[in-house]
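Input: a single structure, listed below in structure tokens.
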Amino acid sequence: MQDRFDNQGRTRWWRFAAMMVPATAATGAILFGMSTGAIASDITVSGQTFKIGADRLEGDGFKQYGGIVREKGKDGKSGQVHPVALSEISSAKLYSLCQSVRADLPGLPVVLTINAGEGKEPARAKDLLIAMDSLNGNATFTNIRIGRDATDLNPTAQAGSFGQNSDHVTITNLQQVSRYTTAATFNLVGLKLKVNVGEDAKGKECF
């Protein structure tokens, strides 16, 4: 039982930590590689989703198109495939940002939360890429162009597939379920990180 707990615990917490660590400047190479066609836009992920919420998102240079992410199989090869909506934002401000992920251990609820940008200064991200399952909120787009060929927005997208972009996007009451996020820089102003365990984990997800 202890071996089972240790193995599952280590695996789950490794995924947990990997998703919650703020992106560094090195991850900007992923976006550069995608924009130049050097790497495919399908990404290997853990298979676990996480939630992102914000009172308001202000983004410049918005692009959106379809893509896929893949889980890594037990044999190290590609496993389950998940269709996702890929959103790129050149520069983003997130007010009252919340990020949460469940990482339950056997018989023990665990939720890790990150909060930032709760004061006058928002959290800020550059070259943000998000692979999401769903998005809820109220959105306003400036100079939006709907129905573009996705390869005009990212050369690695599937030719002939749907894409859209706008100069600016504002989303209020943002609720997003994501599988992958990266940014060239992610400035989390007023960062608060907490591991909520057991009874304290109940109701601690962002939404």
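Put a dot 7 Å past the Cα of residue 202, heading toward its Cβ, do the same for residue 136, and the two dots end up 2.2 nm apart.
Place a point 7 Å from Cα of residue 143 in the direction of its Cβ. Which residues in the range 80-101 have their backbone N less than 17 Å from it? Taking a point 7 Å out along Cα→Cβ of residue 143, the residues of the range 80-101 whose backbone N falls under 17 Å are 89-92.
Label zone of residue 104 (point 7 Å out along Cα→Cβ, amide N under 14 Å): in the range 180-197 this covers 197. Shape class of the range 49-162 from the alpha-carbon gyration tensor: oblate, with a/c at 1.5 or above and b/c at least as large as a/b.
Using the Cβ of residue 123 as centre and a radius below 14 Å, the other residues enclosed give a net charge of +2, where K and R count +1 and D and E count -1. Taking only the Cα atoms of the range 97-174, the ratio Rg/Rh comes out at 1.08, with Rh defined as the Kirkwood radius. So the label point goes 7 Å from the Cα of residue 80 along Cα→C-beta, right? Which residues of the range 92-107 then have their backbone N under 16 Å from it? Label zone hits: 102-104.
Using 0.36 nm times the number of residues separating residue 121 and residue 177, minus their current alpha carbon distance, what extension gain do you get? Provide the component values of the computation, followed by the final result.
Values: separation 56, 0.36 × 56 = 20.16 nm, distance 2.42 nm.
Going from the current span to full extension adds 17.7 nm.
Candidate cross-link partners of residue 204 among the aspartates and glutamates, defined by an alpha-carbon separation under 17 Å and a same-chain spacing of 8 or more, comprise 55, 104, 118.
When the accessible area of the range 141-207 is split by element with a 1.4 Å probe, what percent falls to carbon and sulfur? Write out the running numbers ahead of the final one.
Values: 1800 of 3630 Å².
Looking at the range 141-207 in its full context, I get 50 percent from C and S.
Legend: distances between Cα atoms for 51/194; 72/202; 51/72; 51/74; 51/126; pairs beyond 23 Å are 72/202; 51/74.
The values are calculated or read from the model by the stated rules, or taken from the named source; none is laboratory data. Computed from a prediction, not measured in an experiment: that's the story for all the values here. Here Cβ is always computed from backbone atoms with ideal geometry, including for glycine, and neighbour counts include all displayed protein chains. Keep in mind that these areas ignore ligands, DNA and RNA; they rest on the heavy atoms of the full protein, side chains included. Shrake-Rupley method; radii C 1.70, N 1.55, O 1.52, S 1.80 Å.
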